[in-house]
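Remarks on the structure that follows.
The values are calculated or read from the model by the stated rules, or taken from the named source; none is laboratory data. Since we're looking at a predicted model, the values are computed, not measured. For neighbour counting, all protein chains shown are included, and Cβ atoms are generated from backbone atoms with ideal geometry for every residue, glycine included.
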Amino acid sequence: MEFSDLINDLKNNFIQNQTTLQKLTKQNPNGAYFQIIEIAKFVGKRHNVDLQLHFPDSRKILEIETYGDQNIGIVTDKFRKKFKISKDLIKIEAKKKIPDVTVLDAYMYEDKEGLRLQVKSGRIEILPGSVHIWCMIDQNIENFMNWLLEFVLR
């Protein structure tokens, strides 16, 4: 599975449900939230992942056109504690694919490895079995995520 395919599938599902989501976000934001979560679950299941959309700022739910562009969680194995490859290789690849990235060690508790990538528009948190993207996804981040899903999270 490629990250690009996953995100395109997610965005296409939001486009297909855009009219319904526009009505719901105005009339019943909680109902819209549950519809969004269901769409993410549906798409995630098709790609064998637990796909989540997050709304750290509740007003973002009104910005339907940004669904699938930011604040996404992808879980492939919530119990995995160690990366499949060296953490240093992940750091090198992040620096190759994402300009101006700062890579930090993170989540060093409960014997669990992790990395945090600081990028211009936010951050990406990488665990051995999941990734949480708290930034706008540009082409560089998409390229890195394609690599990450293929070599680290699968």
Next item on the list: Taking the options Phe34, Phe79, name whichever one is closer than 27 Å to Asp111 by Cα and not assigned by TED's automatic domain parsing to the domain that holds Glu110.
Entry: Phe79
Next item on the list: Tell me which residues, restricted to region 101-115, are part of a strand (DSSP E or B) and over 12 Å from Lys87 (Cβ atoms).
Entry: Thr102
Notebook entry, point to check: Among the listed residues Ile7, Ile37, which satisfies the condition of being surrounded by fewer than 18 Cβ atoms within 10 Å (Cβ to Cβ) and of a type in the set (Val, Ile, Thr)?
Noted result: Ile37
Next item on the list: Run Arg80 past the list (1) free of Cβ contacts under 8 Å to residues at least 40 places away in the same chain; (2) assigned to a loop (DSSP other than H, G, I, E, B) and report the number of the one that doesn't hold.
Entry: (1)
Note to self: Filter region 42-71 down to the residues that are charged (D, E, K, R) and within 17 Å of Leu153 (Cα to Cα) and list them by number.
What the structure shows: Lys45, Arg46, Asp50
Checklist line | Conditions (1) surrounded by fewer than 15 Cβ atoms within 10 Å (Cβ to Cβ); (2) at positive phi: number failed by Asp57 | finding: (2)
Margin query: Looking at the structure I just gave you, is Thr66 surrounded by 12 or more Cβ atoms within 10 Å (Cβ to Cβ), modelled with pLDDT under 95, under 22 Å from Leu117 (Cα atoms) and polar (S, T, N, Q)?
Written below: yes
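Each row is one residue, and each column tells you yes or no for (1) surrounded by 21 or more Cβ atoms within 10 Å (Cβ to Cβ); (2) assigned to a helix (DSSP H, G or I); (3) of a type outside the set (S, T, N, Q).
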{"residue": "Gln70", "(1), (2), (3)": "no, no, no"}
{"residue": "Asp88", "(1), (2), (3)": "no, yes, yes"}
{"residue": "Arg123", "(1), (2), (3)": "no, no, yes"}
{"residue": "Ile141", "(1), (2), (3)": "yes, yes, yes"}
{"residue": "Leu153", "(1), (2), (3)": "yes, no, yes"}
